[in-house]
Amino acid sequence: MLLEALDGHETVVFTAAAASVQVQVEPVGRWFEAYVKRRNRNVSASFQELEEEEVSSEESDDEEFQLEEYLMLRTLDPKDWKNQDHYAVLGLPHLRYKATQKQIKAAHKAIVLKHHPDKRKAAGEQIVEGDNDYFTCITKAIEILSDPVKRRAFDSVDPTFDNAVPSKSEGKENFYEVFSPVFERNARWSSKKHVPKLGTVESSFEEVDNFYSFWYNFDSWREFSYLDEEEKEKAECRDERRWIEKQNRASRAQRKKEEMNRIRTLVDTAYSCDPRIKKFKEEEKARKESEKKAKAEAKKREQEEKERARQAELEAARLAKEKEEEEAKQAAQQAKKEKEIQKKAIKKERQKLRTTCKNWSYFADNEADSVKMMEEVEKLCDRLELTSLQSLNEILASGSKEESKAAVEKQVQEVNAQLQREREAEVQARQAARSAEQASGGGGAGGKGWNEDDLQLLIKAVNLFPAGTNARWEVIANYMNLHSTSGMKRTAKDVINKAKNLQRLDPLQKDEINKKAFEKFKKEHAAVAPSIDNAVPSERFDASGSDGNAAPWTTEEQKLLEQALKTYPVSTPERWEKIAATVPGRNKKDCMKRYKELVEMVKAKKAAQEQVAAKSKK
């Protein structure tokens with residue numbers, strides 16, 4: 001309801017109020033729990049009332065529990081408090097991990113009222129001074145069980161818990177009676193609530209699969225910090241504390257691993273002994289066998305259908321082929337008949353042309369012209385077709401001698417002109433083929449600019465990098481790009497094409513190329529004065545000495561030179577004289593010159609291979 005306006009003021013409505021909207025609200029958390037309880041009980045109670053009811057029920061449970069006197073309490077050693085049963089000390093061995101905090105506090109209060117040193121002292125009992133009295137064990141028990149973290153650590157190593165795993169022989173006899181309590185006992189370690197039950201023989205496949213999936217992915221909160229052999233609080237320094245923590249972590253991890261192996265062994269044993277799994281596997285096997293059988297039958301039917309269709313297609317193809325062959329045979333016979341008729345007609349017309357020309361004495365006055373015209377008539381008989389021969393014979397039959405001669409000469413001129421055009425076309429085709437062959441000898445688009453220097457460099461590179469060299473054609477292309485004077489960049493593809501073209505050349509062309517290269521080499525070396533390499537070989541030789549042997553080195557001479565280089569190292573006196581003595585037909589100058597060439601070839605080969613390796617890495 002709107003407030004009334006004050007005296008002297010007016011109430012003004014700026015906008016109309018929006019219509020009410022009904023919104024559906026779903027309870028969550030503890031309110032949802034209260035909602036479910038109200039719905040199940042068919043009562044309308046508030047959350048607070050339900051909570052008070054729950055608290056009151058817990059209090060009634062606390063009032064109902066009874067303490068069990070621990071007979072060995074007075075004999076406990078306070079120094080060995082870690083090995084005592086804290087629940088038994090407080091009189092809660094029957095509740096253990098199910099005991100609430102209120103029950104633990106009530107039990108502690110009751111046992112303190114009975115065993116406190118002041119109470120016992122007032123009753124005339126002899127009291128041990130300090131922490132040596134058994135009452136220290138009660139203090140340690142309430143200290144452990146009242147702290148949730150310490151209580152969980154103690155519950156993890158509960159001395160009354162049975163860690164045993166049934167064997168397969170036990171499980172096969174009474175599977176449900178043996179394994180059901182074991183899984184219920186180990187379910188207390190699960191971090192997740194609503195642990196699935198083992199079930200019965202009537203359980204469905206989904207229930208059994210859900211059960212084993214849960215336990216194969218079991219998440220345990222059990223930890224073993226209570227069994228730490230060393231307490232880090234007793235450490236004297238930080239390093240010792242870290243060392244203790246490291247040892248404790250390692251021992252906890254080992255015990256945790258053993259615990260998970262125990263759970264896995266339990267699940268594996270139960271799975272192998274579960275009669276339901278065997279039944280499900282047999283059903284699955286039977287289902288697969290039936291599916292396989294049905295699939296095989298369907299495949300067999302499909303193959304039979306395909307075979308029938310294939311046979312029908314083959315039969316149709318055979319009939320069509322026979323029909324086609326018959327038609328082709330008839331067509332061939334018809335064509336043969338027509339060809340024979342045409343051949344006879346042509347032969348008749350040719351004979352008619354020869355007879356007519358012969359009757360006219362081949363339109364010549366002397367023997368020489370007559371023989372020449374006879375040749376031209378035979379040419380007409382060979383070149384003219386049936387229609388042309390018929391037209392010509394009609395003209396010769398109806399016309400005079402002069403008209404007949406003019407018609408024959410005109411036909412001869414046309415035939416000679418046609419022959420001339422054919423010869424010219426043939427010459428042009430030969431020239432085009434020769435030009436294409438010469439163009440292809442240049443390596444196509446990649447072979448532009450191949451001069452004699454590049455050809456000789458290619459031949460040298462092919463001999464320098466023989467077959468078997470790693471990335472041979474890339475290495476040859478890099479070698480040519482480094483040493484070529486034309487400035488053209490060659491790719492491996494260009495080099496391969498050119499090398500193939502050189503292989504296809506005639507031996508005479510190869511000899512001509514090698515001859516030109518030798519003449520160029522001789523010309524260049526005749527104009528340049530001989531120079532001495534100061535680097536390799538290490539010893540100098542006199543340029544004014546003997547001219548040496550200009551013949552190429554043979555394989556045997558090369559082997560002898562290599563062996564001599566190994567036999568006489570650089571430090572050998574008069575090395576090159578001894579090397580030359582081991583190679584027959586070669587002097588000192590020849591050996592040193594050959595050594596220098598080999599060094600240059602090795603350097604060039606290494607440089608080309610390094611470039612290819614660098615490009616491949618990029």
**Fill in**
By residue number, the members of the stretch 480-502 that are modelled with pLDDT of 85 or more, of a type in the set (D, E, K, R) and open to solvent by 60 Å² or more (accessible area, probe 1.4 Å) are Lys493
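The rows are residues; the columns are (1) open to solvent by less than 100 Å² (accessible area, probe 1.4 Å); (2) β-branched (Val, Ile, Thr).
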| site | (1), (2) |
| --- | --- |
| Thr265 | yes, yes |
| Thr269 | yes, yes |
| Lys278 | no, no |
| Ala286 | yes, no |
| Arg308 | no, no |
| Lys337 | no, no |
| Lys344 | no, no |
| Arg354 | yes, no |
**Complete:** Of the conditions (1) closer than 20 Å to Asp158 by Cα; (2) under 39 Å from the mean Cα position of the chain (by Cα); (3) open to solvent by 100 Å² or more (accessible area, probe 1.4 Å), the single one that Asn261 does not satisfy is (3)
**Prompt:** modelled with pLDDT of 90 or more and in contact with a helix residue (DSSP H, G or I) (Cβ under 6 Å, 6 or more places away or on another chain): does that describe Ala270?
**Reply:** yes
**Message:** Given the condition of a type in the set (Asp, Glu) and touching a residue at least 24 places away in the same chain (Cβ under 8 Å), answer yes or no: does some residue in the stretch 201-220 qualify?
**Reply:** yes
**Fill in**
Residues of the stretch 89-101 being farther than 14 Å from Pro148 by Cβ and in contact (Cβ under 8 Å) with a residue 12 or more places away in the chain, in sequence order, are Val89, Leu90, Gly91, Leu92, Pro93, His94, Leu95, Arg96
**Given (1) at pLDDT below 75; (2) outside any helix (DSSP H, G or I), index of the condition Ala467 fails** = (1)
**Complete:** Those residues of the stretch 187-246 which are hydroxyl-bearing (Ser, Thr, Tyr) and touching a Lys or Arg at 6+ places or on another chain (Cβ under 7 Å) amount to Ser203, Ser225
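Tell me, which helices (runs of 4 or more DSSP H) lie completely within the stretch 107-194 with 1 or more residues that are touching a residue at least 60 places away in the same chain (Cβ under 8 Å)?
135-146, 148-156, 168-173, 175-186
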**Prompt:** Of (1) out of contact with any Asp or Glu (no Cβ under 9 Å at 6 or more places or on another chain); (2) surrounded by 15 or more Cβ atoms within 10 Å (Cβ to Cβ); (3) at pLDDT below 85; (4) closer than 18 Å to Val415 by Cα, Ala364 satisfies all except one. Which?
**Reply:** (4)
**Prompt:** Among the residues of the stretch 415-455, how many are modelled with pLDDT of 75 or more, in a helix (DSSP H, G or I) and either open to solvent by 50 Å² or more (accessible area, probe 1.4 Å) or within 30 Å of Leu389 (Cα to Cα) (or both)?
**Reply:** 20
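The values are calculated or read from the model by the stated rules, or taken from the named source; none is laboratory data. The model shown is predicted, which means the values in this text are computed figures rather than measured ones. Ideal geometry is used to build each Cβ from the backbone, glycine not excepted, and the neighbour counts take in all protein chains shown. Accessible surface is based on the protein model in full, side chains and every heavy atom, while ligands, DNA and RNA are left aside. Shrake-Rupley method; radii C 1.70, N 1.55, O 1.52, S 1.80 Å.
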